[in-house]
Structures are given as C-alpha cells and as structure tokens.
Amino acid sequence: MHVLSFLLTSAAALLPQVDAAKGRTSTSWDCCKPACAWKTNLTKAKASGSVMVCGKNDRALSASNGEKENTACASSNAGNAFLCSAYQARPVSDTLSYGFAVTDGVENCCKCFELQWTDGPSVGKKIQVQVINEGGNVENGSRQFIILTPGGGVGPNPKGCNDQFGYDWGRQYGGVVKAEDCVTLPDSLQAGCYWRWNWAKGEVNGWNIEYNQITCPEQLSGVSGCKA
Ligand SMILES: *[C@@H]1O[C@H](CO)[C@@H](O)[C@H](O)[C@H]1NC(C)=O
Ligand SMILES: *[C@@H]1O[C@H](CO)[C@@H](O)[C@H](O)[C@H]1NC(C)=O
C-alpha cells in the first residue's frame with residue numbers, strides 16, 4: 001500500500017501539465033498603448049514595475065510618462081502612447097517561442113503563461129507569453145489568448161496603426177493571409193508577421209491550447225519591465 005501510494009505520487013510529480021486549463025489562441029496588433037500600462041490596472045493586478053510604452057517613433061517613453069500618456073487610439077485627446085515593436089512574438093527554437101499577449105481580466109496583467117497547442121499545424125509546440133493588455137473572453141471554459149502579432153489584425157481599434165504608419169494591415173480581424181504579405185508591413189514589424197506564417201505555420205486564430213501559469217522568464221519581464 002505504501003509502495004503503491006509512493007508510485008502514484010511519483011508518477012503525478014512527473015506529469016508536466018497536471019493543472020493545464022483549456023484555451024485558444026488568436027492574433028492581433030493594433031499599435032495602441034496596452035491597458036496594463038495604466039498604473040490603476042497594474043495596481044489591480046498587484047504587479048511590480050511598469051509596462052514599457054513607446055512613442056510614435058518606437059522609442060520607449062520613461063516609465064512615468066508611459067503610465068500617464070494617453071493612448072494614440074483614444075477617440076478624443078489621443079496621446080503619443082503606442083505599442084512597442086519589442087512586443088512582437090519571436091522563436092526561441094523550433095518548438096518554443098516567446099511573446100506577449102492579451103487576455104480577459106486586468107488581474108492577469110503581467111502574469112506569464114505557457115501555452116501548448118493541442119491542434120492545428122503547431123500541435124505540440126509551445127509559446128511562453130506575458131500578458132500586457134486586457135481583452136478577449138472566456139467562453140465555454142476556454143480562455144482566449146490574443147498573441148501580439150504584427151499583421152495579425154488591427155481588431156476593434158484601427159486608429160492606432162493608421163496614425164503610426166498607414167500601410168495595409170490585411171483583414172481587420174485575422175490580418176494578412178500569407179507570409180508573402182508581410183512585406184507590406186513596416187520594416188520594424190515584419191519579423192513578428194513572419195513568425196506567424198513561418199514558425200507557427202498558419203493562421204493561429206482559433207487553435208486550441210492547454211495552458212499553465214509560469215514564473216515570468218527574464219526574456220519577457222526584462223522587455224516589458226513588469227512582473228506578477
Ligand atoms: C485599464 O484596463 C481597462 C480594461 O482593459 C481599460 O479599459 C482601461 O482603459 C485601462 N486603464 C485604466 C486607467 O483603467
Ligand atoms: C461555445 O458553445 C456554443 C454552443 O455550443 C458555440 O456556439 C460557440 O461557438 C462556442 N464558443 C467557442 C469559443 O468555442
């Protein structure tokens with residue numbers, strides 16, 4: 001009996017994704033100041049540090065200016081706060097990527113998650129993301145993670161990318177439809193566009209995942225400037 005319970009405990013300890021929850025991925029890049037950069041939202045999430053925000057020229061604003069500068073996407077009194085190109089997804093290896101994401105609930109600001117696709121062309125591959133924006137939904141027990149992907153669709157706020165760059169961003173939801181279209185994006189944002197088609201090998205929208213919260217890798221919190 002003792003041997004059996006020891007074996008069961010050991011086996012459970014070896015299972016990597018015991019607490020995995022279900023979700024799905026989509027893509028977006030709207031060039032807007034991320035919601036987690038507002039001090040009030042960071043405080044609600046009990047996160048430390050601040051979320052890096054960039055000016056129209058893609059240079060980081062100081063932490064205090066980043067917290068208070070209004071988003072370029074505001075319909076009135078729009079400010080000089082945009083999304084930094086440093087937030088685009090990037091490959092680490094053939095099976096792992098790093099990126100930043102949008103998910104439901106400001107309490108998730110600055111938390112990090114490991115997502116593993118359970119279907120689609122990237123089945124088995126993982127991406128570790130830090131949440132820097134709030135949006136998407138939880139539907140039928142499936143949490144949506146919107147991976148910040150240039151050319152992944154400007155979504156409900158088309159003003160930001162239009163003001164920052166102009167250009168052709170593809171479908172409002174879903175963005176460009178193939179790797180060859182990434183050349184229509186600004187030079188500084190093409191790598192993240194190619195990440196989707198060349199590394200993830202497809203649309204990424206609507207693909208199912210299992211996910212776990214993880215300790216934020218320095219490669220993510222070191223870019224954003226925040227931790228939770
Ligand atoms: C905080 O996050 C919410 C939810 O995304 C967003 O609507 C709001 O603009 C953010 N900023 C403040 C100051 O609450
Ligand atoms: C949730 O379930 C409803 C009813 O079965 C379905 O219409 C809807 O597409 C589902 N949503 C997601 C995101 O799977």
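Numbers below:
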{"quantity": "Condition met for N133 (in a strand (DSSP E or B) and within 16 Å of ligand 1 (Cβ to nearest atom))", "calculated": "yes"}
{"quantity": "Test result for C73, crowded, with 19+ Cβ neighbours inside 10 Å and more than 29 Å from D19 (Cα to Cα)", "calculated": "yes"}
{"quantity": "Residue list for region 175-224, filter: of a type outside the set (A, V, I, L, M, F, W, C) and touching an Asp or Glu at 6+ places or on another chain (Cβ under 7 Å)", "calculated": "T184, S188, N208, Y211, N212"}
{"quantity": "Residue count, region 15-31 (criterion: open to solvent by 10 Å² or more (accessible area, probe 1.4 Å) and within 16 Å of ligand 1 (Cβ to nearest atom))", "calculated": "2"}
{"quantity": "Yes/no for F165 being more than 16 Å from ligand 2 (Cβ to nearest atom) and more than 21 Å from S224 (Cβ to Cβ)", "calculated": "yes"}
{"quantity": "Residue that is more than 17 Å from Q144 (Cα to Cα), part of a loop (DSSP other than H, G, I, E, B), open to solvent by less than 50 Å² (accessible area, probe 1.4 Å) and touching a residue at least 12 places away in the same chain (Cβ under 8 Å), where the choices are G79, G66", "calculated": "G79"}
{"quantity": "Filtered residue count, region 106-130, keeping only those that are assigned to a loop (DSSP other than H, G, I, E, B) and either open to solvent by less than 30 Å² (accessible area, probe 1.4 Å) or not polar (S, T, N, Q) (or both)", "calculated": "10"}
{"quantity": "Filter result (within 13 Å of ligand 1 (Cβ to nearest atom) and not small (G, A, S)) within region 41-56", "calculated": "N41, L42, T43, K44, V51, V53"}
{"quantity": "Which listed residue, of V51, V102, is crowded, with 20+ Cβ neighbours inside 10 Å, in contact with a strand residue (DSSP E or B) (Cβ under 8 Å, 6 or more places away or on another chain) and assigned to a strand (DSSP E or B)", "calculated": "V102"}
{"quantity": "Which listed residue, of F82, F113, F145, is more than 16 Å from ligand 2 (Cβ to nearest atom), within 18 Å of I214 (Cα to Cα) and either touching a helix residue (DSSP H, G or I) at 6+ places or on another chain (Cβ under 6 Å) or at pLDDT 95 or above (or both)", "calculated": "F113"}
{"quantity": "Residue within region 193-206 that is in contact with a Lys or Arg (Cβ under 6 Å, 6 or more places away or on another chain), buried (at least 16 other Cβ atoms within 10 Å of the Cβ) and of a type in the set (A, V, I, L, M) present", "calculated": "yes"}
{"quantity": "Check on S97, open to solvent by less than 10 Å² (accessible area, probe 1.4 Å) and under 16 Å from the mean Cα position of the chain (by Cα)", "calculated": "yes"}
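Residue by residue, here is whether (1) in contact with a helix residue (DSSP H, G or I) (Cβ under 8 Å, 6 or more places away or on another chain); (2) within 16 Å of ligand 2 (Cβ to nearest atom); (3) at pLDDT below 95; (4) assigned to a strand (DSSP E or B) holds:
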| residue | (1), (2), (3), (4) |
| --- | --- |
| A11 | no, no, yes, no |
| R24 | no, yes, no, yes |
| D30 | yes, no, no, no |
| C36 | yes, no, no, no |
| N57 | no, no, no, no |
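The values are calculated or read from the model by the stated rules, or taken from the named source; none is laboratory data. Source: prediction; values computed, not measured. Glycine gets a Cβ as well: all are built from the backbone with ideal geometry, and neighbour counts include every protein chain shown. Ligands, DNA and RNA are excluded from the accessible area calculation, which covers all protein heavy atoms including side chains. Shrake-Rupley method; radii C 1.70, N 1.55, O 1.52, S 1.80 Å.
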